[in-house]
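K.L.:
Just passing along the structure, written as structure tokens.
The values are calculated or read from the model by the stated rules, or taken from the named source; none is laboratory data. If you're wondering where the values come from, they're calculated on a predicted model, not measured in any experiment. Virtual Cβ from ideal backbone geometry, glycine too; neighbours counted across all protein chains shown. The protein model used for the area step is the full one, side chains on, heavy atoms only, and it has no ligands, DNA or RNA in it. Shrake-Rupley method; radii C 1.70, N 1.55, O 1.52, S 1.80 Å.
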Amino acid sequence: MASRSVRYTAYAGAYVIVFVAILAGINFLANRYNKSFDTTANKRFSLSDQTEKIVRGLSNDVRIVVVDRTERFNAARDLLDRYSNLSTRLKVEYIDPEKSPQMARAVGARTFGQVFVENGAKREEARMLSEEELTGAIIRALKTGERMVCAFSGAGESGFDEMTGDGIGLAKAALERYNYKTQVIKQLQKPEIPAECTTILVAGPRFDYPDTVIAGIRTYVEKGGHALFLLGPALKTEKDDGAVQEKLSTLLDSWGITVNNDVAIDESGSGADSGYNKFVFALDKYESHPIVREMRGVGVALALVRTLTTKDRAEKLIATPEQSFSTKELDLKKLTGEPPVGGKGPLTIAAATTVGKARVVVFGCAAWATNSFFRYPGNRDLFLNAFNWLSSDEELISIRPKDPEDRRLEVRPGMGWVFPFASFFPPLLVIIGGVMVWLRRR
């Protein structure tokens, strides 16, 4: 009996040791390899491709500091734990200024709810605790050197500071959020481009540029300055004869990108699902250039498009579907009928090239970057990716954080039955089930 008792005690002790060892091993692995799975349809709890690329690629330690009351830290951890799980080089620290006022002052905190990103001696603040703001702050903390985007004004271009439908104020705000400074230059007053401009933006001029401005652009680019041109078709309306931009087209042609004087028509119905007409292309297939390489499956919408022809070192970015054609009929009234067919798809509508050390991107469309279209799923990514490539920040080219998708149920006229059905049918099922059980037990 004694030997049997000792044997059972040994077995029980061994089982306990093995069980504790297994729990310790699981806890160690869970702590070191924290994994989670996002099963939501819109990946609400997943970080974007850009965030993962930047954080995983950290080459030195970066610190995120949250300054707030202790009871609010748990709300921040839901997002920040996902960041820290990507890299051991990213450290997250929480400071309660009521408990540690000196530490809060040391990071420059002025109030509750502030979030800072520190890279060595460089510190950037995220304006709110969201993935877009936090990733933008990390980019600003990592990047050195100033990137200045100068937008042309004076020839009817889309307003860089305007928030109306035709303005590009949203595009400007996106640039500033991701470490670019912005400036407006009135080229018709002074053709020389300021020396601080690292990239120029020509966004849909409605009038031709004079020779002095063209010469200024040529000098700027051929000395190594970068440029993005957004040139829509020269459509004729009751209020506008449409600028052909012959001098600017000649300049771009000398760099390997010919801007054709036409307009593209979509016969594939690509934009019909989004309520667009035949002048709007909704596309999600691209060429292999770095600007669009990572955008596979992400849709962009381009409205009122002219076609381009590439030669020499110029590379295509985007082309129309096969079910499309171009026409040289530019009278908007006549375009509503059956315009004569010119070139047939696929037709190039965006291209990029290099001029010495300079980089140049041309879109045969200006409307896609305006406030009216900028919120279309891929338009913002396409716009920022173009500037990332122009400024040689290829590591930032990716799909950026998106706002959570609104998936609420919209009750429309004729759907008045939804509320009473949802309110009364489930309780009625429970009551019927209870009555049936009661009757059976009788």
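K.L.:
What FRET efficiency would be calculated for the residue pair residue 70, residue 277, taking the C-beta separation as r and a Förster radius of 60 Å, to the nearest 0.05?
P.N.:
So, using R0 = 60 Å, E works out to roughly 0.60.
K.L.:
Positive end of the charge dipole of the chain (Lys, Arg +1 and Asp, Glu -1 on Cβ, about the Cα centre): tell me which of 83, 116, 227 has its Cα farthest that way.
P.N.:
Going by the charge dipole, the pick is 83.
K.L.:
Continuing with the same structure: Indicate the gyration tensor shape class of segment 274-351 (rounded, prolate or oblate), computed on the Cα atoms with a ≥ b ≥ c the square roots of the eigenvalues: a/c under 1.5 is rounded; otherwise a/b larger than b/c is prolate and the rest oblate.
P.N.:
Oblate, since a/c reaches 1.5 and b/c is not below a/b.
K.L.:
Which FRET efficiency, nearest 0.05, do residue 395 and residue 285 yield, Cβ-Cβ r, R0 25 Å?
P.N.:
The formula returns an efficiency of 0.55 here.
K.L.:
Which of the peptides 258-271, 208-221 is most tightly packed, and how do the rest follow, judged by the mean count of other Cβ atoms within 10 Å per residue?
P.N.:
258-271, 208-221
K.L.:
Which order do peptides 55-61, 389-395, 165-171 fall in by mean Cβ count within 10 Å, highest first?
P.N.:
165-171, 389-395, 55-61
K.L.:
Tell me what the chain gives for mean residue ellipticity at 222 nm when only DSSP H runs of n ≥ 4 count, each as -39,500 (n - 2.57), the sum divided by the residue total, rounded to 500 deg cm²/dmol.
P.N.:
That comes out to -10000 deg cm²/dmol.
K.L.:
What is the distance, in nm, between label points placed 7 Å from the Cα along the Cα-to-Cβ direction at residue 328 and at residue 127?
P.N.:
Result: 4.8 nm between the two label points.
K.L.:
Oh, and also: Can you pull out the cysteines in the chain that have no other Cys Cβ under 4.7 Å?
P.N.:
Cys with no partner Cβ under 4.7 Å: 365.
K.L.:
How much length, in nm to one decimal, is gained on full extension between residue 27 and residue 15, taken as 0.36 nm per residue of separation minus their Cα-Cα distance?
P.N.:
Fully extending the segment from residue 27 to residue 15 adds 2.5 nm.
K.L.:
How much length is gained if the chain between residue 162 and residue 293 is pulled fully straight, taking 0.36 nm per residue apart and subtracting their Cα-Cα distance, in nm to one decimal?
P.N.:
Between residue 162 and residue 293, full extension yields 44.1 nm more.
K.L.:
According to a simple spin-label model (label point 7 Å from Cα along Cα-to-Cβ), what is the distance in nm between residue 424 and residue 438?
P.N.:
Simple spin-label model gives 2.0 nm for this pair.
K.L.:
Can you list, largest first and rounded to whole Å, the semi-axes you get for segment 189-337 by taking the square root of 5 times each eigenvalue of its Cα gyration tensor?
P.N.:
Three semi-axes, in Å: 28, 21, 13.
K.L.:
Would you mind getting me the FRET efficiency between residue 93 and residue 223? Use the beta-carbon distance for r and R0 = 60 Å, nearest 0.05.
P.N.:
In this case the efficiency is close to 0.85.
K.L.:
Give or take rounding to whole Å, what are the principal axis extents of the alpha carbon atoms in the chain, in descending order?
P.N.:
107, 68, 44
K.L.:
With every protein chain kept in place and ligands, DNA and RNA left out, what is the accessible area per residue of the chain? Probe 1.4 Å, answer in Å².
P.N.:
Here the per-residue accessible area is 55 Å².
K.L.:
Please work out how much length the chain gains when fully extended from residue 3 to residue 375, using 0.36 nm per residue of separation minus the C-alpha to C-alpha distance, in nm with one decimal.
P.N.:
Going from the current span to full extension adds 126.1 nm.
K.L.:
Could you check how much of the accessible area of the chain is carbon and sulfur, as a whole percent, using a 1.4 Å probe?
P.N.:
Here carbon and sulfur together make up 54 percent of the probe-accessible area.
K.L.:
Students often check this: by mean Cβ neighbours within 10 Å, which of 322-333, 5-16 ranks highest, and how do the rest follow?
P.N.:
Ranked from most to least packed, the peptides come out as 322-333, 5-16.
K.L.:
Kindly flag which residue pairs out of 122/190; 143/172; 236/344 have an alpha-carbon separation exceeding 26 Å in this structure.
P.N.:
Correct reply: 122/190.
K.L.:
Right, something else. Where is the GNM fluctuation largest for the chain (alpha-carbon springs, 10 angstrom cutoff): 126, 203, 104?
P.N.:
The residue with the greatest mean-square fluctuation here is 104.
K.L.:
Residues of segment 209-240 with backbone nitrogen within less than 12 Å of a virtual label 7 Å along the Cα-to-Cβ line of residue 261, please, listed as ranges.
P.N.:
234-235
K.L.:
Starting from the Cα gyration tensor of segment 226-295, take the square roots of the eigenvalues, sort them a ≥ b ≥ c, and report rounded, prolate or oblate (rounded when a/c is under 1.5, otherwise prolate if a/b is larger than b/c, else oblate).
P.N.:
Oblate, since a/c reaches 1.5 and b/c is not below a/b.
K.L.:
So, one more: For the pair residue 431 and residue 268, how long in nm is the line joining their label points, each one 7 Å along Cα→Cβ?
P.N.:
5.6 nm
K.L.:
Quick one: compute the contact order of segment 182-256, relative version, from alpha carbon pairs under 8 angstrom and 6+ residues apart, as a percent.
P.N.:
Taking the mean separation of contacting Cα pairs over the length of segment 182-256, I get 34 percent.
K.L.:
With an 8 Å cut-off on Cα pairs and a minimum separation of 6 or more residues, tell me the relative contact order of the chain in percent.
P.N.:
Across the chain, relative contact order equals 14 percent.
K.L.:
Rounded, prolate or oblate for segment 161-219? Axes are the square roots of the Cα gyration tensor eigenvalues, ordered a ≥ b ≥ c, and the cut-off for rounded is a/c under 1.5.
P.N.:
Oblate shape, in that a/c is at least 1.5 and b/c is the bigger or equal ratio.
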